[in-house]
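These notes are about the structure you will find just below.
Every number here is computed from the coordinates shown, using simple stated rules; none is lab data. No experiment lies behind these values; they were computed from the predicted model shown. Every residue, glycine as well, gets a Cβ built from its backbone with ideal geometry; the counts of neighbours run over all protein chains shown.
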Amino acid sequence: MTHPIPNFQSIVNRTPGNYRRGIGNRRLRQNPHVRDLTRQVTVSHKELIQALFVVEGITEKESIPGIPGTFRDTPDSLLHQIEADLEAGVTKFILFGVPGPTFKDNHNFNFDFTANQIETIKKRFGDDLWLSVDVCLCASTTHGHCGVLNDAGDHVINPETVESLAKMGLAYAQAGADCVAPSDMMDGRVSAIRQALDENSLGRTMIMSYSAKFSSRFYGPFRVACDSAPDATIKLTDRATYQLDYTRPQDALLCSWRDYEEGADILMVKPVVHYLDILKTLTDEIPAPFAVYYVSGEHACVEASAEKGLIDAAQGHVEAWHAMKRAGANMIITYGARYGKKWLEE
Ligand code: PBG
């Protein structure tokens, strides 16, 4: 008889007790009580972070195709949403501010809209919640890129972009964000933001860096939510020149070490479902807390299958969360966080 596990037969031969225990531990799976007692990996709703979108210039909240239960909120509906979330046991959030179309610009950015929302949220809810805020220019530019482009529109100018990102991070931290989260994938932005924070007595504000963020097809619903899909009429049609290439896992390691050394407190792998190998390697190698972003398209795959009656959405998301924890994640950004407590109890 052959076994798929190397040396399995020799282990069995040497330890006859395994026969009495039942080689596959079936006795330990026979009811929910013993399964509870023998878990190696658990997920708590306290480890989940809910994404919030607040949009300038809309009068009613709007749903987002593919991610039911998450909305493009107005400043007002956002506060109601957070209230409901706190009641449902959600205490950690990541906020995306979306300036209205007339407030977009490609060089001179104004961060007041999102800063005002942060201030209002923190005044109202204070330390009842932990608020991280996404730092990126993609929702602020008319072309949808995460940075400032050169005149020919064929590449992002790194230094000018980093300067704006540092101003953005500082504005959000001054408004009261507990954590700023650069998602742009420019070089050197973590140290620029850290320096801006430290020089302005904001040494306690954390940085969660999207350190291993890949150029992915799974961001579709998010770009609708943030009105940030790259303009197809300019030369640079996608984000492949600044986001990581999924054929190069080494870059995930390099960028994560770099961001850690530049002062990031929390690192991130994004997307995650198709990148669990990278998450495992990074969490084995780098002694930092790791977040994962279970992105909109990944979430939508499960939701779309459920809509067709093929799988149960809640159970599908819960299974995915466990895979992320197993591969080393400390925390999970997920559109299902607001149902986490309920789903994990079921
Ligand atoms: C970029 C950013 C993206 C997401 C969050 N911030 C991706 C992108 O547009 O390239 C994706 C999140 C998701 O898909 O859920 N600023």
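On the stretch given as the stretch 225-246, residues that are near the ligand (Cβ under 10 Å from one of its atoms), over 15 Å from C136 (Cβ atoms) and surrounded by 16 or more Cβ atoms within 10 Å (Cβ to Cβ) total 0. The residue pairs whose first member lies in the stretch 95-124 and is without any contact (Cβ under 8 Å) to a residue 60 or more places away in the chain and surrounded by 14 or more Cβ atoms within 10 Å (Cβ to Cβ), whose second member is in a loop (DSSP other than H, G, I, E, B) and of a type in the set (V, I, T), and whose beta carbons are closer than 7 Å, counting only pairs six or more residues apart or on different chains, are K104/T141; K104/T142; N106/T141; N106/T142; N106/V148. Being touching a Leu at 6+ places or on another chain (Cβ under 8 Å) and more than 16 Å from the ligand (Cβ to nearest atom): is that true of A192 here? Yes: the conditions hold for A192. Among the residues making up the stretch 216-275, those that are in contact (Cβ under 8 Å) with a residue 24 or more places away in the chain, in a loop (DSSP other than H, G, I, E, B) and either among the hydroxyl-bearing types (S, T, Y) or within 23 Å of M331 (Cα to Cα) (or both) are S216, S228, T241, Y242, Q243, Y246, E262, G263, A264, D265, P271, V272. Of the strands (runs of 3 or more DSSP E) lying entirely inside the stretch 45-102, those containing at least 3 residues that are among the β-branched types (V, I, T) are 48-55.
Please find, among G336, G316, the residue that is farther than 28 Å from L197 by Cα and within 16 Å of the ligand (Cβ to nearest atom).
G336
Residues in the stretch 108-141 that are within 15 Å of the ligand (Cβ to nearest atom) and assigned to a loop (DSSP other than H, G, I, E, B) were compared, and the one that is nearest to the chain's Cα centre (by Cα) is C136.
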